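Take a look at this one; I'll ask things after.
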Amino acid sequence: LNRRLAEFGTTIFAEMSALAVRTGSLNLGQGFPDADGPEEVREAAVRALRDGRGNQYPPGPGIPELRTAVAAHQERFYGHLGLSYDPDTEVLVTAGATEAIAAALLALLEPGDEVVALEPYYDSYAACIAMAGGRRVPVTLRAEPESGTYRLDLDELRDAVTDDTRLILLNTPHNPTGTVLTREELSAIAELAVARNLLVITDEVYEHLVFEGEHLPLASFPGMRDRTVTISSAGKTFSFTGWKVGWVTAAPELITAVRSAKQFLTYVSAGPFQYAVAEALALPDGYYSGLRDDLRAKRDVLAAGLADAGFQVFRPTGTYFITTDIRPLGESDGFAFCRSLPERAGVVAIPNAVFYDHKDEGAPFVRFAFCKSIEVLREAAGRLKALA
Ligand code: PMP
Ligand code: GLN
């Protein structure tokens, strides 16, 4: 393994899901729903397979039906903010958000370029920045135990930008903290990007999982449309994480750049699933609000259960993750805690330290996923309570 990748080892999600299987534990670690997405969308995939649509290489940018559906989705949910995209020149279909992140970084970074990213960050960010030869510059979201939230220090963010900064890599709603950046924070980030002439890659895969307030795409802020690469995925919005259908929306030059990298990573992927996701994106508003309401209820069950079990809970306003602080349980090392938890309680969780460069900063935090049935969440909470 080369030096660029040596530090990354095996992704924590694979490690922890394997541990869950081996120990027969409830898996609140890796974020995947325990119920598949809508029946009619699965039927759409079956129809595409049977009718021979997408069984051979689909077009490089993605099938027109899906690009049109992505553009229509952006118009439906963000048109009132002035955001719209041309399906032919401003939309690119990828193998999940993961490939979109990799292709965007590989396409836009020169070796040595700095990337400012909010820490804790989703694990593929650091690895992909490294593969692209970039240097990551973390800006830490600070845990505020009194309010049970995380705060972005805008001065710290401004100070992190240097003459070598090429881009900001953003994620809102934010995995793993569940933070949704506010209008004021996004405005400040936009002003910074414009003032310092930076590109922004923004990972908005949890765009429909906002429980209080609303999701504001960074691209809708003044001066941002043409410098922002926006990424989303059918994995989260439609509960098909195994299909690996994601997409990018951006100005034509940026789409062309990302596609230049993408064509040599996978070329294309998921032909029949692209047809199904095109149909999924057209589901009525009620589908989207139903998903959100269902997950809000699940958040409330797990948050209450974790608090009852003695964890300090950082109540998420978005995503399907809850970050907790384990210090009230008399623990301080999230890694050790998560490695012993299956045996002690039959539950798997993720140590947030893996998402930090400043490992000490992340040490006492542990993440639980709540995209599971209410019964599983109640059972997990009960088992964790027995720990105390
Ligand atoms: N970004 C974030 C913040 C995520 O949480 C995930 C999924 N865990 C991804 C990207 C990857 O999405 P996909 O499965 O579509 O590749
Ligand atoms: N995004 C999911 C999570 O944060 C997992 C994705 C993966 O396994 N790579 O749990």
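The values are calculated or read from the model by the stated rules, or taken from the named source; none is laboratory data. Since the model is a prediction, treat every value here as computed from it, not as a measurement. Positions of Cβ are generated from backbone atoms using ideal geometry, with glycine treated the same way; all protein chains shown enter the neighbour counts.
Only one of (1) touching a Pro at 6+ places or on another chain (Cβ under 6 Å); (2) buried (at least 24 other Cβ atoms within 10 Å of the Cβ); (3) at negative phi fails for Arg327. Which number is that?
Against the list (1) touching a Pro at 6+ places or on another chain (Cβ under 6 Å); (2) buried (at least 24 other Cβ atoms within 10 Å of the Cβ); (3) at negative phi, Arg327 comes up short only on (2).
Report whether or not Leu209 is within 20 Å of the chain's Cα centre (by Cα), within 16 Å of ligand 2 (Cβ to nearest atom) and under 30 Å from Arg327 (Cβ atoms). Lay out the reasoning, then the answer.
Details: within 20 Å of the chain's Cα centre (by Cα): yes; within 16 Å of ligand 2 (Cβ to nearest atom): yes; under 30 Å from Arg327 (Cβ atoms): yes.
Taking the combined requirement at face value, the residue satisfies it.
Hey, another quick one. Taking only the stretch 170-187 into account, find how many residues are out of contact with any Lys or Arg (no Cβ under 8 Å at 6 or more places or on another chain) and either among the hydrophobic types (A, V, I, L, M, F, W, C) or in contact (Cβ under 8 Å) with a residue 60 or more places away in the chain (or both). Outline the logic, then answer.
Initially, the stretch 170-187 is screened for residues out of contact with any Lys or Arg (no Cβ under 8 Å at 6 or more places or on another chain), giving 170-175, 177, 179-187.
Retained after the next criterion (residues that are either among the hydrophobic types (A, V, I, L, M, F, W, C) or in contact (Cβ under 8 Å) with a residue 60 or more places away in the chain (or both)): 170, 172-175, 177, 179-181, 186.
Final tally of qualifying residues: 10.
Now for a different question. Considering only the stretch 188-206, how many residues are crowded, with 24+ Cβ neighbours inside 10 Å and in contact (Cβ under 8 Å) with a residue 60 or more places away in the chain?
4
Then there is this: What is the one condition in (1) in contact (Cβ under 8 Å) with a residue 40 or more places away in the chain; (2) more than 18 Å from the chain's Cα centre (by Cα); (3) in a helix (DSSP H, G or I); (4) away from ligand 1 (no atom under 13 Å from the Cβ) that Ala219 does not satisfy?
(2)
Note down all Cβ pairs under 6 Å where the first residue falls in the stretch 15-26 and is assigned by TED's automatic domain parsing to the domain that holds Arg344, the second is part of a helix (DSSP H, G or I), and they're at least six residues apart or on different chains.
If the second residue must be part of a helix (DSSP H, G or I), the pairs left are Leu19/Pro342; Thr23/Pro342; Ser25/Pro342; Leu26/Val376; Leu26/Ala380.
Taking the stated definitions as given, is Ala130 part of a helix (DSSP H, G or I), within 16 Å of ligand 2 (Cβ to nearest atom) and of a type in the set (A, V, I, L, M, F, W, C)?
Against the criterion (part of a helix (DSSP H, G or I), within 16 Å of ligand 2 (Cβ to nearest atom) and of a type in the set (A, V, I, L, M, F, W, C)), Ala130 does not qualify.
Now for a separate question. Can you list the helices (runs of 4 or more DSSP H) found entirely within the stretch 1-104 that contain at least 3 residues being within 16 Å of ligand 1 (Cβ to nearest atom) and modelled with pLDDT under 95?
Working: elements: 3-6, 12-23, 39-51, 64-78.
Filter on the stretch 1-104 gives 12-23.
Take the stretch 259-290 and flag every residue that is crowded, with 21+ Cβ neighbours inside 10 Å, within 22 Å of the chain's Cα centre (by Cα) and either aromatic (Phe, Trp, Tyr) or in a helix (DSSP H, G or I) (or both).
Answer for the stretch 259-290, where residues must be crowded, with 21+ Cβ neighbours inside 10 Å, within 22 Å of the chain's Cα centre (by Cα) and either aromatic (Phe, Trp, Tyr) or in a helix (DSSP H, G or I) (or both): Lys262, Phe273, Gln274, Ala276, Val277, Ala278, Ala280, Leu281.
While we're looking at this one, here's another question. Residue by residue through the stretch 346-375, note down the ones that are touching a residue at least 40 places away in the same chain (Cβ under 8 Å), away from ligand 2 (no atom under 16 Å from the Cβ) and in contact with a strand residue (DSSP E or B) (Cβ under 9 Å, 6 or more places away or on another chain).
Result: Gly346, Asp357, His358, Glu361.
Which residues, counting only those in the stretch 222-238, are surrounded by fewer than 22 Cβ atoms within 10 Å (Cβ to Cβ) and in contact (Cβ under 8 Å) with a residue 60 or more places away in the chain?
Listed by number, the list holds a single entry, Arg225.
Scan (1) within 16 Å of ligand 2 (Cβ to nearest atom); (2) surrounded by fewer than 19 Cβ atoms within 10 Å (Cβ to Cβ) for the single condition Glu39 breaks and write down its number.
Evaluating Glu39 over (1) within 16 Å of ligand 2 (Cβ to nearest atom); (2) surrounded by fewer than 19 Cβ atoms within 10 Å (Cβ to Cβ) leaves (1) as the failure.
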